[in-house]
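Input: a single structure, listed below in structure tokens.
Bear in mind these aren't lab numbers, they're just calculated from the coordinates by the rules spelled out. Here the structure is a predicted model, which is why all the values come from computation and not from measurement. Cβ placement follows ideal geometry from the backbone for every residue including glycine, while neighbour counts extend to all protein chains displayed.
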Amino acid sequence: METGRQSVCWKCDAATSGALACPGCGTPQPVPAGADLFAVLGLARRLEVDPGGLEARYHAAARAVHPDRYQTAGERERELSLLASAAVNRAYRTLRDPVARGRYWLVLHGMALADRGTAVPAALVAEVFATQEKLAELRAATGAAAGALGSDVRGLRDALAAQLDGLRAALVEQYACWNGGAPGVLEELARRLSEIAYLRTLLGDVEDALGEGLRGTDHRH
């Protein structure tokens, strides 16, 4: 994965030190398609990110390459501004979300979560089975039975949401000591992210089932 940007301005030949816009003439600089998202915002490559620092870096970078600054500039400047602005926004969206940041961290270390398949994480097998059974009952139920089962499933939904919040919080707590690329750390990160991803899917299934199973009843939720 590309991690740097050219260090000399393409327009005035001034040293840029990898800045998004030339410090000398203010011209936006090319950002490689595979640029390190930490580098795009001028951040050290660390799993643990200070939210305030990230926010400040983002706003400074966004201002430097915002397309409105280059409306009357040449065609290449306008094009580079759009590309740089898109890179800045992508970096911010990815790095501000701890889960997205963790997934990106795996990619940086050659371990994309998508490559691990879609098998249910071992820690969730029993919970997934019980939840899917309850959802099947809800989809098949009608009338008062659907209303009663809906109440049960709403409680299940709330429990899953709380569990998901807990997993996310526990993940963030570990980031302070997970800044390396040791195989054991990456495996543990991937395991936790897999659980979060599967719980998100399961929660979505529950929400869908609540909408389908209670349609046509007079139960309010």
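General observations
- Sparsely packed loop sites in region 137-218 (the trypsin sites (Lys or Arg not before Pro) outside DSSP H, G, I, E and B with at most 16 other Cβ atoms within 10 Å) comprise Arg215.
- Label-zone membership for region 78-107, site Arg63, 7 angstrom Cα→C-beta point, backbone N under 17 Å: 85, 88-89
- Sorting Glu137, Glu77 from the fewest to the most surrounding beta carbons within 10 angstrom yields Glu137, Glu77.
- Karplus 3J(HN,Hα) series, Hz, for region 110-120 with 6.51 cos²θ - 1.76 cosθ + 1.60 (x for Gly, Pro): x, 9, 5, 4, 4, 6, 8, x, 10, 5, 5
- Exposure proxy order (Cβ contacts within 10 Å, fewest to most) of Asp68, Asp158: Asp68, Asp158
- Couplings for region 13-21, taken from phi via the Karplus curve 6.51 cos²θ - 1.76 cosθ + 1.60 with θ = phi - 60°, read 6, 6, 5, 10, 6, x, 5, 5, 10 Hz in order; Gly and Pro are left as x.
- Projecting label points 7 angstrom from Cα along Cα→Cβ for Glu79 and Ala169 puts them 5.0 nm apart.
- Counting every C-alpha pair in region 113-213, the share spaced more than 18 angstrom apart comes to 54%.
- Using the Cβ of Arg96 as centre and a radius below 15 Å, the other residues enclosed give a net charge of +3, where K and R count +1 and D and E count -1.
- Annotation: the residues His109, His59, sorted from fewest to most other C-beta atoms within 10 Å of their own C-beta, follow the order His59, His109.
- Restricting the chymotrypsin sites (Phe, Trp or Tyr not before Pro) of region 1-99 to loop positions (DSSP other than H, G, I, E, B) with no more than 11 neighbouring Cβ atoms within 10 Å leaves nothing.
- (1) 15.9; (2) 13.6; (3) 11.7, with the label sought being that of the calculated mean projected area of the Cα convex hull in nm²: (1)
- Mean Cα-pair separation over length for the chain, i.e. relative contact order, pairs under 8 Å, 6 or more apart, %: 18 percent
- Cα centroid separation, region 51-86 to region 165-203 (Å): 32 Å
- Taking amide H as placed 1.01 Å from N in the peptide plane, Val8 has its amide H under 5 Å from the amide H of Thr16, each at least 5 places away in sequence or on another chain.
- For the pair Arg45 and Ala144, label points projected 7 Å from Cα toward Cβ lie 6.4 nm apart.
- Of the complete DSSP H runs in the chain, those spanning 30 angstrom or more by Cα along the long axis with a mean Kyte-Doolittle score not below -1.0 are 75-96, 143-175, 183-213.
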